[in-house]
1. Taking R0 as 60 Å, what FRET efficiency do you get between residue 166 and residue 288 from their Cβ-Cβ distance, rounded to the nearest 0.05?
2. Between residue 438 and residue 393, how high is the FRET efficiency from 1/(1 + (r/R0)^6) when r is the Cβ-Cβ distance and R₀ = 41 Å? Nearest 0.05.
3. Tell me which residues come under 5 Å, amide H to amide H, from residue 613 once H is placed; ignore anything under 5 positions away on its chain.
4. Please give the charge dipole size of the range 112-226, origin at the Cα centre, charges +1 on K and R Cβ atoms and -1 on D and E Cβ atoms. Round to the nearest 20 debye.
5. Given a 1.4 angstrom probe, what's the average accessible area per residue across the range 227-346, in square angstrom?
6. Which FRET efficiency value, to the nearest 0.05, is calculated for residue 144 and residue 175 with the Förster distance at 25 angstrom and r the Cβ-Cβ distance?
7. In nm, what is the difference between 0.36 nm times the number of residues separating residue 631 and residue 225 and their Cα-Cα distance?
8. Could you list the residues of the range 249-279 with an amide nitrogen less than 12 Å from a label point located 7 Å from the Cα of residue 236 in the Cα-to-C-beta direction?
Amino acid sequence: MSRLVRFVLVLLTTMAASGAPAAAPAVGAPDAAAQTILHLLDYVGVDYPEAVENGKVRNEEEYKEMLEFTGQIVDLLKSLPAVPRQAELGAQARALARRVEEKAPPAEIAAGSGKLRWAVIEAYAIEVAPRAAPDPATGAKLYQSLCASCHGADGRGDGPAGAKLEPAPSNFRDAERMAQRSAYGLYNTITLGVDGTGMASYRQLAEAERWALAFHTAGYATPAQSIAKGEALWKTGKAREAFPDIGNVAKLSANEVRERYGEDAVAVQAYLLANPAAIAQGKPSPIAFTLTTLEAAVGAYRGGERERARQLAITAYLEGFELAEASLANVDAPLVAETEREMMALRALIQRGAAAGEVERQHGKVVALLGKARERLSADGLSPWTAFAGSLLILLREGLEAILVLAAIIAFLVKAGRRDALPWVHAGWGAAIVMGLLTWIAATWLIGLSGANRETTEGVTALLACAMLAYVGIWLHGKSYAHAWERFIRESVGAALGKGTLWAMAGASFLAVYRELFEIVLFYEALWVQAGASGQGSVLAGVGVAAVMLTGIGWAIFRYSVRLPIGPFFALVSILLALLAVVFAGNGIAALQEAGLIDADIVPFASLPSLGVHPTVQTLAGQALVIAILAAGFFAAGRTRRPGSASTSQGPGPG
C-alpha cells in the first residue's frame, strides 16, 4: 500500500526532477543509487566479453573492473529502501558477482545482469523512458558539439581527442555490442559518466537533451535499410503491441526486443529511435490497443509468464478501454459495464492461475464485447452529436459531485454565521483548480501519466475525500437538533469551529474538486482525440453548455438550501455528505483494483458506478465498513445532542 504516496508524488516528482529520470517510487524514493545500479549492470552486461573469454581473463584491467562493479552493485542494493523483493535482489547480485569471479561465459553474465536490471526497475517502479518524444535534430547537434571529438564524426570511436584515451572511446557502429545496449543505458552513461575513463558526466544538460543524445547515439549501428524496413512495417501496423508508447523503445535493447517480439520489431524499434514522434502520430485507438494488448497477455499466459500476462491485462484496460469509456457510455452504458466486468473476470482468472483454456474462453468473450464497442464508436471519430453529448455529460457528472460538497459546506457556514471560515473552503477548492491545471499541463506536455498512476491518484483521492466527508457529516449530524444548535449559537458561536473541523472542510473541498478535475482532464484528453477535427467544436460547445448548467444548479442548491429550517437543513446535509462518502469509498477501492494494487473478487451483485457500487467483495466490504462507521458516528453524535443531554450546550465534538 506504500505505493499510495503516488497521490502526491506522481505529479510533483515528474515536474520537479531535472536530473535522473523521474521515478514514481514504490517505497520511498530510491535515490541516485538505483540509477547507478542500473548503469553498472548495463556496463557489466555489455563489457564483460572484453574481460573474459573461454573461461580465461582476456584483459586484466577490464576483469578487475567487472569484479569492482559487481561488488558495488551488491553494496548499493543494501542501501536502497526496503522492498519485499530486496532479499531476492541481493541474492541475484551476489550470484552475479560470484559468477564473474568464476569467469562464467559472457552470455550467462549478460543474461544475469539483464535479469537483475529488470528486477530492480520493477521492484522500485523506476521510470526509464523520456517524458516526451526526443528531438532528433537536437541529438545530432549535441553529438557533433560534445561527442564527435572523441567518438568520431560518424560514431566509430576514432575522434582525434580520443586517440590517446585508455580505454578507447566506444565504437557506436559495433552492431553486436550496441544490440546489447538500450537507449536508457546510453542515457545513464551520458548522465553519470564512467569512472576511470574519458567518459565524463553530462548531467548539466537538460533531461530532454540527454534523451535526444541517447536516441541519436543508439541509432548509429543501424543500417539505413533497416530503418526503412521498420518504417514500412510500422505504417502497416506491425509491432504495435511491442511499442504502444515510447517506453519499450527507450528501455529495451535490440536483443531484448528480438527475444520478446521477433526480428521485425527490431527494425521497427530502429525506425522509432530515429523518428520517436511517429509513436504519437501512429498511436492506435483505445479499442485497438486493448485488443492487441490482451492478445499479448493471453500469449504470455500460454507461455507460462503469469505475472507478465497479469500486467498486460491491467495495461489493456488502463491504457486502452478506460480511455474510451466516457465516450462509449454516452451511446451504450450497459456495454461499458459489461465489458468492464468481463475484463476484470479475465484478470481474476490470470491472477489465480486458471487453466489456459479457461483464460482463452474468457478472452474470447472480451474480444466480442470490444468488437461491439468498436462498432458503436465510429472508426473515423465520434459524430458531432455524440461528441457534444459526451462533453456535456462528462462535465455535468463530474462537476455535480464537487458542487454538492461545496454547496453543503458553504451553506452550513453561512447559516451558522461563520462567514469568517469561508476563506478556508475557498482556499481548498481554489488550490484544487490550480492543481487541476498543473495536472492538465503535465498530462499534455510534460509526461504521459500511466494508467496505474491515474487510477492510484483517483483511488487515493477518493478514499481521503471519503474520510473527510464522513468526519464532516458526523459532525454536522450533531447539529441537527434545532434547540441544541440555537442554544449553542447563543452561548458559544465564537468557538463554533475548531481548527480540526476547518482543516477537514478545507480538505474536503480540495479533494472533492481535485478528484473531479483529475478525471475531467483525463476524460477530455481522450474525448478530444476521439472526436477528431470535425467534432472538437462540439466538444467545446458541450463544455460551455455544461458550465452554464452547473452554474445554475450550484446557485439553486445554495439559494434554497440556506432557506431550510435548521434541523432539516443539517439532517439533509449530513445525510448527503455521508452518501457521498460511501460513493467515494466504493469508487476509490475500485480505482485501486484497476491499478492492480488491490485484488478483485467478483460476486453476483448490481453494478452502479454512479453510486460507487461495484460487484466485488472488496468494494462492497469497504462500503459496508464506511456505512457502519457512519451509523455509529451518527448514533453517538445524536445522543449527545438530544434534549436533556449534558453536552447540549457544549462545543462540537470533532472540532
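1. The formula returns an efficiency of 0.70 here.
2. Working: r = 25 Å, r/R0 = 0.62.
Computed FRET efficiency for residue 438 and residue 393: 0.95.
3. Excluding prolines and chain starts, which carry no amide H, the hits are 608.
4. Roughly 40 debye for the range 112-226.
5. On the way: 4660 Å² over 120 residues.
Value returned for the range 227-346: 39 Å² of accessible area per residue.
6. 0.70
7. Result: 139.1 nm gained on full extension.
8. Once the point is set 7 Å along Cα→Cβ of residue 236, 264 turn out to lie under 12 Å by backbone N, inside the range 249-279.
The values are calculated or read from the model by the stated rules, or taken from the named source; none is laboratory data. Just so it is clear, the model here is predicted, and its values are computed rather than measured. Quick reminder, even Gly has a Cβ in these numbers, built from the backbone with ideal geometry, and neighbours come from all protein chains shown. Note: accessible area is taken over every heavy atom of the protein model, side chains too, but ligands, DNA and RNA are not part of it. Shrake-Rupley method; radii C 1.70, N 1.55, O 1.52, S 1.80 Å.
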